[in-house]
Each structure stands twice: as structure tokens, then as C-alpha cells.
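Student: Below you'll find the structure I mean.
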Amino acid sequence: MTEYEAFAIELARAAARVTLPFFRSDLGYEDKGGAAGFDPVTEADKQAEAAIRRLIAERYPDHGVIGEEYGEDRPEAEQVWVLDPIDGTRAFISGLPLWTTLIALRQAGQPTVGVIAQPYLDEIFLGGPTGARLIRGDTETPLAVRACPRLNQAVISTTDPDIFDVAERAAWTKLRAAARLARLGCDAYAYAMVAAGRMDMVAETSLKPWDWSALAPVIAAAGGQVVNWGGGAPDDRGQILAVGDAGLIDQALPLLRPAAL
């Protein structure tokens with residue numbers, strides 16, 4: 001395990017010490033509102049990101065940070081940590097263990113280390129230069145995507161079809177009709193299931209850098225692939241297609257590309 005992979009795990013565990021006491025408690029949340037409508041943020045979000053940022057500043061003071069709650073600090077640095085302390089806040093406030101902590105390291109602008117952590121289930125999905133693995137306590141299990149050569153055999157996911165605009169919704173509807181099974185409401189945990197070989201595809205839109213940066217290294221290290229809806233590298237336009245079997249890309253993109261940004 002590389003130094004940065006080990007540190008990403010350390011950050012995930014530090015965040016868990018903050019978030020778990022809030023989960024399924026009676027502590028409230030705020031609505032950030034705005035154009036997104038209902039957009040909740042919890043005290044757990046803010047305290048967890050603050051804890052992660054403190055550790056980064058202590059260990060690597062020359063590294064940059066981009067986080068959902070506290071914005072950018074030296075985003076032009078060679079190494080930049082990208083943080084979402086609680087991805088899936090709606091699941092979090094609903095008591096559903098599908099929320100995750102997302103931590104990525106970008107080097108020269110590209111995410112090279114990623115963590116998808118679900119503290120309540122004691123799961124850390126790690127992807128990086130030394131491969132992909134599921135860490136539970138002191139146990140590590142290799143992660144590998146599964147073969148799924150045909151879209152009509154695929155289990156696919158998106159968080160909520162309401163995130164799509166009209167064109168994107170039409171594209172998703174065609175993709176869902178072509179697949180075997182679709183599951184909704186899983187947030188970033190669906191990407192972990194692709195890396196673990198339990199699901200085959202996730203298609204989403206409007207993702208921010210902190211939403212997708214950790215996902216790409218985990219899926220890539222497990223043998224999968226993440227692209228945008230035009231087939232290029234994922235970017236901050238936020239349309240993401242993640243697959244376990246790369247052969248699914250050529251079957252999904254003709255359905256998604258008409259709505260690509």
C-alpha cells in the first residue's frame with residue numbers, strides 16, 4: 001500500500017469517528033436550498049470535513065483541498081485532496097446506511113487514489129496504484145468487477161431520475177429499458193457495488209468534483225471504467241457513466257450521447 005493510499009484510509013476512519021455518533025440520532029440538519037431545491041447539510045458533514053482538513057494540513061501542508069462544505073484551498077497544487085464528508089445526505093438523515101464518505105487524491109489534475117467508505121457497515125472501498133480492495137477492520141479483500149458482456153444482462157443504477165433534465169431523462173429511460181434491472185437511491189454506494197462485482201453500471205448527471213473524483217480510481221483499480229456521456233474522460237460537467245465490463249460502454253453510449261453536454 002502506498003503512503004497516500006494509507007493516508008486516505010486514515011482520513012476515512014477519522015471522518016467515521018465524527019459521523020457515526022450523528023447517524024440515526026435526533027440531531028438536525030439545515031437546508032441549503034437554492035436552485036437545487038431541498039439540499040440538506042448536517043453538522044456531521046461540516047465537522048467531518050473539518051477533521052479531514054486538519055489532518056491533511058498537519059501531514060501535508062503543501063497539498064491542496066477541494067471540499068463540498070468548505071470550498072477550495074490551493075486547488076492548483078500538484079497534490080489535491082477532494083472531499084465529500086457525507087455523500088448521500090438524504091440517506092443519512094433518513095437512517096439508511098447507503099451514505100458514504102468520499103476521499104480522492106488528485107495528482108497533476110487526475111484522481112489517482114480513491115476511497116468510498118461506509119462507516120456504519122465498517123466498509124472502506126479503496127482504489128489506487130496498488131489495486132482495489134475492501135477493508136473491514138484488519139481484513140482486506142481484493143475487489144474485482146464482474147463480466148457482463150450484454151446490456152440486457154446488466155444491473156444498473158442512478159440515484160434519482162429527478163436529477164436529469166428532459167433530454168437526460170429520456171436517455172436514462174432508454175438505458176433502463178435495455179437493462180435487466182435498475183436500482184435507485186444508492187448514491188455513491190452503487191459505484192462501490194460495481195467495483196465489488198455486484199452491479200454493472202451507474203449513470204448520473206450534475207456530479208460535482210467531490211461527487212465523482214473518488215469513484216474513478218476505485219472502479220478503475222477493480223478493472224472497470226468511468227467515462228462521461230460522450231465517451232471521454234470524466235470531467236466537471238458531471239455526466240458520469242461507470243461500468244464494470246468495458247464492453248457495456250459501446251452499448252450504453254448510443255443511448256446517452258444524444259443528451260451529452
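Student: Test of understanding: ordering Ser206, Ser157 by Cβ neighbours within 10 Å, fewest first, what list do you get?
Tutor: Ser206, Ser157
Student: What is the distance, in nm, between label points placed 7 Å from the Cα along the Cα-to-Cβ direction at Asp62 and at Asp138?
Tutor: About 3.6 nm separates the two model spin labels.
Student: Quick one, can you get me the convex hull of the C-alpha atoms of the chain expressed as volume per residue in Å³?
Tutor: 115 Å³
Student: Provide the FRET efficiency to the nearest 0.05 for the Glu3-Arg169 pair, computing r from the beta carbons and using R0 = 41 Å.
Tutor: After rounding to 0.05, the efficiency reads 0.40.
Student: Could you give the nm distance between label points at Gln107 and Arg150, where each point is 7 Å from its Cα heading toward the beta carbon?
Tutor: So the label points at Gln107 and Arg150 sit 4.1 nm apart.
Student: While we're looking at this one, here's another question. Multiply the residue gap between Ala177 and Thr130 by 0.36 nm, knock off their C-alpha separation, and tell me the result in nm, one decimal place.
Tutor: 13.2 nm
Student: Give me the distance in nm between label points sitting 7 Å out from Cα along the Cα-to-Cβ direction at Glu72 and Arg257, one decimal.
Tutor: Going by the 7 Å Cα→Cβ label model, 3.2 nm.
Student: Could you work out [θ]222 nm for the chain from helices alone, using -39500 (n - 2.57) per DSSP H run of at least four and dividing by all its residues? Round to the nearest 500 deg cm²/dmol.
Tutor: -8500 deg cm²/dmol
Student: Now for a separate question. Sorting check: for 197-205, 51-59, which peptide has the highest mean count of neighbouring beta carbons within 10 Å, and how do the rest follow?
Tutor: 197-205, 51-59
Student: Related question: If you stretched the chain out fully between Arg237 and Arg17, how much longer would it get, using 0.36 nm times the residue separation minus the C-alpha to C-alpha distance?
Tutor: 75.9 nm
Student: Charges only on Cβ, +1 for Lys and Arg, -1 for Asp and Glu: so what's the dipole of the chain about the Cα centre, in debye to the nearest 20?
Tutor: 920 debye
Student: I'd like to verify something in the chain: which complete DSSP H helices, judged by Cα projection on the helix axis, reach 15 Å or more and average at least -0.5 on the Kyte-Doolittle scale?
Tutor: 3-19, 166-178
Student: Can you tell me, using C-alpha contacts under 8 Å and at least 6 residues apart, the relative contact order of segment 151-259 as a whole percent?
Tutor: Computed value for segment 151-259: 30 percent relative contact order.
Student: Could you tell me which residue out of Ala8, Gly137, Tyr60 lies farthest along the dipole of segment 3-142 toward its positive end? Charges go on the beta carbon: Lys and Arg +1, Asp and Glu -1, centred on the Cα centre.
Tutor: Ranked along the dipole, the leading option is Gly137.
Student: Still on this structure, I have one more. Using a ≥ b ≥ c from the Cα gyration tensor of segment 206-261 (square roots of the eigenvalues), is it rounded, prolate or oblate, where a/c under 1.5 gives rounded and otherwise the larger of a/b and b/c decides, a/b for prolate?
Tutor: oblate
Computed from the coordinates by the stated procedures, all read-outs in this text should not be read as laboratory data. All values derive from a computational prediction rather than experimental measurement. Note that each Cβ is placed from the backbone with ideal geometry, even for glycine, and that neighbours are counted across all protein chains shown.
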